[in-house]
Amino acid sequence: MSSAFRGFVRKEVLHLLRDRQSLMILLLMPLIQLLLFGFALRTEVDDIKLVIVDPAPDQATLALRARLGASGLYKIVSVIPTTTGLSEYFERGRARQALIFESGFASRLERGEAGRVQLITDATDPNSGSTMQAYATNVILRYEAELRTARGDGTNGGGPIRIVMQARMRFNPELESVNLFVPGLMAFVLTLVSALMTAISISREKEMGTMEVLLVSPLRPWQIVVGKVTPYVALGFANVLLLLTAARLVFGVPIRGQVALLLAECLLYTVTALSLGVLISTRASSQRTAMMAALAGTMLPTMLLSGFIFPIDSMPAWLQLLTNVVPARWFVVVVRGIMITGAGLEQLWQETLILGGMTVLLLALSARRLAIRLE
């Protein structure tokens, strides 16, 4: 019995060592998870894109602008004289916060009157929105305290120095967390399901030996890839309709943009995810390997590197660069833009082009892999 057991264990060890793809995934996945979670799990918000509306710059507004820029938290992207065009900054994602000064801000403080500012914050992500608002409020209150300290008793003629701030949350004023998570969950579910479906489907063909029959058939490699993807496009689009219906009826997530554009973008992303699954399956030797690779290659990047849960601006620069190759990163921007901010194609055309380019690239690489296998 002892000899038989040792022989059985030896056989299992050799079987594991021979399956190099599965072995590499099992060894590298914990390390990749540790690195991704360690760098991506950040609750702080950095490099906040800030627009300043300063109709009549004076020493007080310039001093407060300098303190915001020197805080290390803000990146002042523009200083404009009026609020005209301010909405476009938010809709295009070029700003996450805006600080609006009134005319004569410094003179009002000199006379002992209240200096008024308005703080507008993008609350699409309610957690980040609350954090950004707290950051700006703290800077303004510290500046107010410095002015009072510099003037002794804090008065000058008519009354004490004070800055009155009016805060407003944009896009998600109720700070509903479902408005953040539901669009991200759509990207997560579509990526996982679509990639898994095609990865397992083609791997099953390879294991059963029918892939060889397809490769020697009159069909070209790109036709095999498109033929494999096409049936699952309808199934993926059915998932899209179910997810959107549940988001609207169950969770009450608004759809402020065009529904037709949203459906078209979801259809495009479904094809992107299916193409990714095809590419994974062309390199996998078995259904098990394909499933593990699809999970590792789609689940973790979609959760951590798409902005689904954690803001990309808070990640290290090298990790922000890496997020650009994650399709879900662009789809999350598109879905949130259409559903929450009401953006149209004129604001989201860049993200749409990137997703389209990724789809064509993934399909081309998959066809190339099948062509090499045929050769």
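The values are calculated or read from the model by the stated rules, or taken from the named source; none is laboratory data. Predicted model, so just to flag it, every value in this text is computed and none were measured. Calculation scope for accessible area: heavy atoms of the full protein, side chains included, ligands and nucleic acids excluded. Shrake-Rupley method; radii C 1.70, N 1.55, O 1.52, S 1.80 Å.
At q = 0.18, 0.23 Å⁻¹, what log₁₀ I(q)/I(0) does a Debye calculation on the Cα points of the stretch 302-375 give, no solvent, two decimals?
-0.79, -1.03
Please figure out what share of the DSSP beta bridges in the chain is antiparallel and state it in percent, rounded to the nearest 5.
About 25 percent, rounded to the nearest 5.
Answer rounded, prolate or oblate for the stretch 59-99, using the Cα gyration tensor with square roots of eigenvalues a ≥ b ≥ c: rounded when a/c is under 1.5, else prolate when a/b is larger than b/c, else oblate.
Note, shape of the stretch 59-99 comes out oblate.
If the chain between residue 299 and residue 241 were fully stretched, how many nm would it gain, using 0.36 nm times the residue separation less the Cα-Cα distance?
Separation in residues times 0.36 nm, less the Cα-Cα distance, equals 18.7 nm.
How do 47, 313 stack up against each other in accessible area, from largest to smallest, with a 1.4 angstrom probe?
Numbers: 47 80, 313 40 Å².
Result, largest first: 47, 313.
Per residue, how large is the accessible surface of the chain? Use a 1.4 angstrom probe and give square angstrom.
Heavy-atom SASA per residue in the chain reads 49 Å².
Using only the alpha-carbon atoms, how far is helix 126-150 inclined from the longest principal axis of the chain? Give it as 0 to 90 degrees, nearest 10.
Helix 126-150 sits at roughly 30 degrees to that axis.
Let me know the volume per residue of the alpha-carbon convex hull for the chain, in Å³.
181 Å³
Can you tell me the orientation of helix 287-304 relative to the chain, as the angle in degrees between its alpha-carbon axis and the longest Cα principal axis, to the nearest 10?
Roughly 0 degrees between the two axes.
Sorted by accessible area (1.4 Å probe), largest first, how do 361, 274 line up?
Descending order: 361, 274.
Looking at the stretch 54-197 only, what percent of DSSP beta bridges run antiparallel? Nearest 5 please. Intermediate values should be presented prior to the final figure.
Working: 6 of 14 bridges.
Counting DSSP beta bridges with both partners in the stretch 54-197, the antiparallel share is about 45 percent.
With the convex hull built on the Cα atoms of the stretch 255-368, state its orientation-averaged projected area in nm².
Approximately 7.7 nm², given one-decimal rounding.
I need to check one value: relative contact order of the stretch 215-333, counting alpha carbon pairs closer than 8 Å and at least 6 residues apart, in percent.
Normalised by residue count, the contact order of the stretch 215-333 is 21 percent.
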